[in-house]
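Note sheet for the following structure.
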Amino acid sequence: MSNFVRTVCLIIGLSLTISPVMAQVFHRGFHMTNNRTKRVSIPFELQSNLVIIPVRINDGEELKFILDTGVRTAILTSGLYVEGVPDVNDRMISLMGAGNEGEVSAYVSNGISFDLPEGVAAEGNAMLVLKEDYLRLDSYLGTRVHGILGYEIFSRFVVEIDYMRQQIVLHKPEYFRPRRRFTKIPISIEDTKPYIDGVKLSVNDSTKVDVKLMIDTGASHSLMLNTASNDSITVPDPHLSGYLGRGLSGDIFGHMARVSELSIKEFTLNGVISSFPEEGEFLQVAHSRAEHNGNIGGSVLKRFRVIFDYANETMYLHKNRYYRKPFDYNMSGMELIAVGPLLETFLVSKVIKNSPAQEAGIQEGDMVISVNGLRFPELNLGLFSTIMSRRPGKRVRMKIYRNGIMFKKKFRLERIL
């Protein structure tokens, strides 16, 4: 099969299981500073299907953190972002993240305070500070991202994510009352992560299987499946093989294909683009002790208004306008990263053999000046992905810069899956 493949997800494998014995003194976890407040709404940015919220650490400047159900302990992607983080050199630990580059190093910092908008705060928390910015979230998302928050939020509140309005609502559990229009779905919280069992998966028209999936708001893909977990989970044809995305420990490789059907209670999604990491890589990507068959990422979750109630091991779903939108992908065969002080420069990071981009003469390392006449700041990585996912046959015009010379390139998008 052709190795013509596009990135399924910009960020895959953010979900980490951190299990060192950390000397923590929790003064107080996340709470609402006004005791009379029952719920608060916080706006977020939606980038590559990831929820990015504003956070202040130790009364410092506002930073941006991904809200990730797969993360136990808060992570700062680089110590350069925050001055005055206490005891950051007190202890170093090793983390095994998704990717092919092995372990990475992080410092444990204690006595951290977090402040979110609308009077949500925490004091005396622990945080992991990566020794280096291994994830390079800024370059892959095209916006500044400084860290990841997870279980510390979900364990304290009923968390409602409204992808259409781009806001999260944090409810005090004792005051939360589910609405009738939402579908109630049992989940289990295992090793601080949410799982849903009994999901109906049809890999192709003739194969159906019940699967257990982790619900991962920190993954931008639709669905990731482990072929070793069930004999009925196989990579269907047609499929593409190659680069899937990047995790904490480097690049992730495997296969990409469409599965016929994914059903969660009465909700059925067709033609779901799914990633199948190479054998042996799934456990690194999954980062979980719980036995399961894969995970559901942001490209599925954004089709719903989602409510997580960890205390009662329940999730509520209500479909939104994204629900019937077809699952699409980048049909150009190239990927960009953003660099520079303002992330204003776009470089071609990958070009796949025999893809439209490669056949048009685009090379890795080329600087992209414009796409269909659009330049920075109108052009960003999100818009680039949208343009390259619109429809097969769509003509794309680009200006690129290579070795001091500007080139004009044209090609048409081509659907393989």
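The values are calculated or read from the model by the stated rules, or taken from the named source; none is laboratory data. Bear in mind that the values here come from a model prediction, so they are computed numbers and not experimental data. For neighbour counting, all protein chains shown are included, and Cβ atoms are generated from backbone atoms with ideal geometry for every residue, glycine included.
Scanning region 212-240 for residues that are crowded, with 24+ Cβ neighbours inside 10 Å and either closer than 18 Å to Thr268 by Cβ or of a type in the set (Ser, Thr, Tyr) (or both) yields a total of 6. Just wondering, is there one or more residues in region 323-345 that are among the hydrophobic types (A, V, I, L, M, F, W, C) and more than 19 Å from Gly142 (Cα to Cα)? The answer is yes; a qualifying residue exists. Condition first: crowded, with 22+ Cβ neighbours inside 10 Å and under 23 Å from Arg415 (Cβ atoms). Now tell me which residues in region 332-351 satisfy that. If the condition is that a residue be crowded, with 22+ Cβ neighbours inside 10 Å and under 23 Å from Arg415 (Cβ atoms), then Ser332, Gly333, Met334, Glu335, Leu336 are the ones that fit. Here are some residues: Glu414, Glu364. Which one is surrounded by 15 or more Cβ atoms within 10 Å (Cβ to Cβ), outside any helix (DSSP H, G or I) and either acidic (Asp, Glu) or more than 27 Å from the chain's Cα centre (by Cα) (or both)? Within the list Glu414, Glu364, the selection yields Glu414. Listed conditions (1) part of a strand (DSSP E or B); (2) under 29 Å from Thr33 (Cα atoms); (3) not assigned by TED's automatic domain parsing to the domain that holds Asp68; (4) not small (Gly, Ala, Ser) are all met by Leu201, apart from (2). Mind listing whichever residues of region 370-409 are of a type outside the set (Asp, Glu), more than 20 Å from Lys350 (Cβ to Cβ) and exposed (fewer than 12 other Cβ atoms within 10 Å of the Cβ)? Within region 370-409, Gly373, Pro377, Arg391, Pro392, Gly393, Arg395, Gly404, Ile405, Met406, Lys408 qualify. Within this structure, Ser299 fails the test of being modelled with pLDDT under 95 and either within 17 Å of Leu262 (Cα to Cα) or surrounded by 15 or more Cβ atoms within 10 Å (Cβ to Cβ) (or both). State all residues of region 248-281 that are touching a strand residue (DSSP E or B) at 6+ places or on another chain (Cβ under 8 Å) and either assigned by TED's automatic domain parsing to the domain that holds Leu135 or at pLDDT below 75 (or both); if no residue qualifies, say none. Result: Leu248, Ser249, Glu281. Do we have Glu378 as outside any strand (DSSP E or B), under 24 Å from Val145 (Cβ atoms), of a type in the set (Asp, Glu) and out of contact with any Pro (no Cβ under 6 Å at 6 or more places or on another chain) here? It is true that Glu378 is outside any strand (DSSP E or B), under 24 Å from Val145 (Cβ atoms), of a type in the set (Asp, Glu) and out of contact with any Pro (no Cβ under 6 Å at 6 or more places or on another chain).
Considering only residues in region 27-69 that are in contact (Cβ under 8 Å) with a residue 60 or more places away in the chain and among the acidic types (Asp, Glu), the one that is surrounded by the fewest Cβ atoms within 10 Å (Cβ to Cβ) turns out to be Glu45.
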